[in-house]
1. Go through the stretch 59-80 and give me each residue that's modelled with pLDDT of 90 or more and exposed (fewer than 11 other Cβ atoms within 10 Å of the Cβ).
2. Determine which member of the set 6, 113, 53 is farther than 30 Å from residue 158 by Cα and in contact with a helix residue (DSSP H, G or I) (Cβ under 9 Å, 6 or more places away or on another chain).
3. Does residue 41 count as exposed (fewer than 15 other Cβ atoms within 10 Å of the Cβ), modelled with pLDDT of 90 or more, under 19 Å from the mean Cα position of the chain (by Cα) and within 27 Å of residue 149 (Cα to Cα)?
């Protein structure tokens with residue numbers, strides 16, 4: 001009887017060790033992806049921070065590569081006339097400083113980043129979503145630009161409803 005218990009105890013210990021090792025490797029992949037997402041968001045905001053807006057003259061900063069920002073981001077209006085305000089805004093925005101406050105995994109392929117932005121024309125707490133679409137990561141501003149599939153998965157898995165919020169303070173909303 002004691003031998004049976006000893007064998008069962010050893011099996012349980014081995015299973016626990018195997019599960020721990022599996023968890024460590026699984027968690028490591030999530031940490032790698034989280035680090036990659038943070039880096040992607042930093043590249044985007046650094047491009048804005050370290051370059052000159054179209055209206056800035058007499059500056060040592062290089063002109064902004066708006067095409068790079070457009071390639072890194074997604075809007076449902078991309079490639080249409082409705083996307084012109086977003087393109088103009090990327091040319092015009094001036095950022096003095098930003099700080100990534102939090103990055104949260106909502107579901108596989110979708111993250112939410114909260115960023116504090118110090119800007120004369122875009123300051124305050126901003127939320128960006130980082131989404132995997134067609135094997136490429138994109139930064140998305142505005143839940144209306146997130147695919148319905150991701151919205152449904154987030155609601156099912158996390159109980160979070162991603163709805164379009166429209167401020168009533170005269171803020172310009174870029175779709």
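The values are calculated or read from the model by the stated rules, or taken from the named source; none is laboratory data. Bear in mind that the values here come from a model prediction, so they are computed numbers and not experimental data. All Cβ positions, glycine included, derive from the backbone under ideal geometry; neighbour counts span all protein chains shown.
1. Result: 67, single match.
2. Answer to the check: 53.
3. Judged against the criteria, residue 41 is not a match.
One line per residue, one yes/no per condition, for (1) surrounded by 10 or more Cβ atoms within 10 Å (Cβ to Cβ); (2) more than 28 Å from residue 97 (Cα to Cα); (3) at pLDDT below 90:
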| residue | (1), (2), (3) |
| --- | --- |
| 2 | no, yes, yes |
| 8 | yes, yes, yes |
| 11 | yes, yes, yes |
| 14 | yes, yes, yes |
| 25 | no, yes, yes |
| 37 | yes, no, no |
| 47 | yes, no, no |
| 54 | yes, no, yes |
